[in-house]
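Take a look at the structure below.
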Amino acid sequence: MSVAAAIAGLAGGLLIGAAAVLLMWSLGRIAGICGILGSALTLKFDRDWRWRALFLAGLVAGGWLAAAGGLNDWRALTYPAGIVGTAIAGLLVGVGTTIGSGCTSGHGVCGLSRLSGRSLMATLAFMASALVTVFIVRHLL
């Protein structure tokens, strides 16, 4: 790994952590992206909907700014499973976050920083599932 990649990873982690802390400090909310997206999609246009929509817009704007600033080449993005496979995987992630009562950002970033035992177990399950999936895809298929 190059020094530039290490610095980029550190900066990204600091930004994610700062965003989670800012959301908790300002609104008392956990930065669980799947929960924020799911609640925003209910289209109850109340005060909570506004901050959720703005948070999601900020995620999109951050990606766009990174691309516009030359920090990422989105044209190089590929979908080895195809668009349909990727969409099915996304739906399965949504089902999993519903069953697990949270996603990697909610449990892994925010839950672990609050020393939540439930989040520790969920994060260990996420990571174990990821390891098994990568092993199967790369070595058995």
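Only the coordinates and a few stated rules stand behind these numbers; no lab work does. All figures in this text were calculated on a predicted structure; none of them were measured in a lab. Cβ coordinates were reconstructed from backbone atoms using ideal geometry, including for glycine residues, and neighbour counts include every protein chain displayed.
Each listed q (0.20 Å⁻¹) maps to a log10 I(q)/I(0) for the stretch 52-92, found by the Debye formula over equal Cα scatterers with no solvent: -0.82. 3J(HN,Hα) along the stretch 2-18, derived from phi through the Karplus expression 6.51 cos²θ - 1.76 cosθ + 1.60 where θ = phi - 60°, amounts to 7, 4, 4, 5, 5, 5, 4, x, 4, 4, x, x, 4, 5, 5, x, 5 Hz, with x in place of Gly and Pro.
Just order 14-20, 106-112 by mean Cβ neighbour count inside 10 Å, highest at the front, would you? Spell out each step's value before the answer.
On the way: 14-20: 13.4, 106-112: 20.7.
By packing density, highest mean first, the sequence is 106-112, 14-20.
Three principal axis extents of the stretch 1-43 based on alpha-carbon atoms, in descending order, are 43, 22, 10 Å.
Please compute the Kirkwood hydrodynamic radius of the chain from all pairs of different C-alpha atoms, in Å with one decimal.
Numbers: mean 1/r = 0.0580 Å⁻¹.
Result for the chain stands at 17.2 Å.
Cβ screening of the chain for cysteine pairs under 4.7 Å finds these without a partner: CYS110.
Taking the square roots of five times each eigenvalue of the Cα gyration tensor of the stretch 32-77, the equivalent ellipsoid has semi-axes of 27, 10, 7 Å, listed largest first.
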